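The values are calculated or read from the model by the stated rules, or taken from the named source; none is laboratory data. The structure displayed is predicted, hence computed values, not measured ones. Cβ coordinates were reconstructed from backbone atoms using ideal geometry, including for glycine residues, and neighbour counts include every protein chain displayed.
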Amino acid sequence: MAIRKIGFSLLTTAVYDLIDTDILTEKYRVFSSHVPSEDKSIDTSLPYVTIGTPYGVRSASGSADDTPMENNIIDIQVWSDYKGPSECEDMMNNICRAMDGATWTIDGYTVVLSLCDYYHVFLDDTEPAVPIHRGIIRWRFEMA
């Protein structure tokens, strides 16, 4: 059975690049994992998108050539300070439309399945003076 590196960093880069450049989403500021609040030269005003840390499993079943399949999930988080959830929902819809229509090129992998596994919008009131709507899109990738 062939052994290869886990595809996390390649997958995260592919998702970041798509959201950063797709016609539906290129206007959004996209941050990988965290928002660099210490760097004042970077515009971190809302709204923006963050790419969460992926998680997944390898599976020997379903492989075509004795290379294990990977079932990976990436959480994409959308942040908005708009008074209602509509801006957050619009951003999420655009991200889902862009990702649904994407041709995924991930070096060393074939993406067998790419789908929205879960989504949710809620009011994040951890800082009561600044209510923020937060959306989470959980995207699943099956990679061979």
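Total residues in segment 89-130 satisfying the condition of being in a helix (DSSP H, G or I) and within 21 Å of residue 140 (Cβ to Cβ): the figure is 11.
Just one of the numbered conditions (1) modelled with pLDDT under 85; (2) assigned to a loop (DSSP other than H, G, I, E, B) is not true of residue 56: (2). Kindly indicate whether any position in segment 118-141 is acidic (Asp, Glu) and either more than 20 Å from residue 46 (Cα to Cα) or at pLDDT 90 or above (or both). Looking through segment 118-141, none of the residues is acidic (Asp, Glu) and either more than 20 Å from residue 46 (Cα to Cα) or at pLDDT 90 or above (or both).
Assuming residue 17 fulfils every condition listed in (1) loosely packed, with under 11 Cβ neighbours inside 10 Å; (2) farther than 20 Å from residue 135 by Cβ; (3) at pLDDT 85 or above apart from one, which condition is it? Among (1) loosely packed, with under 11 Cβ neighbours inside 10 Å; (2) farther than 20 Å from residue 135 by Cβ; (3) at pLDDT 85 or above, residue 17 violates only (1). Is it the case that residue 49 is touching a Phe, Trp or Tyr at 6+ places or on another chain (Cβ under 6 Å), assigned to a strand (DSSP E or B), buried (at least 18 other Cβ atoms within 10 Å of the Cβ) and at pLDDT 80 or above? Here the answer is yes, as residue 49 does meet what is asked.
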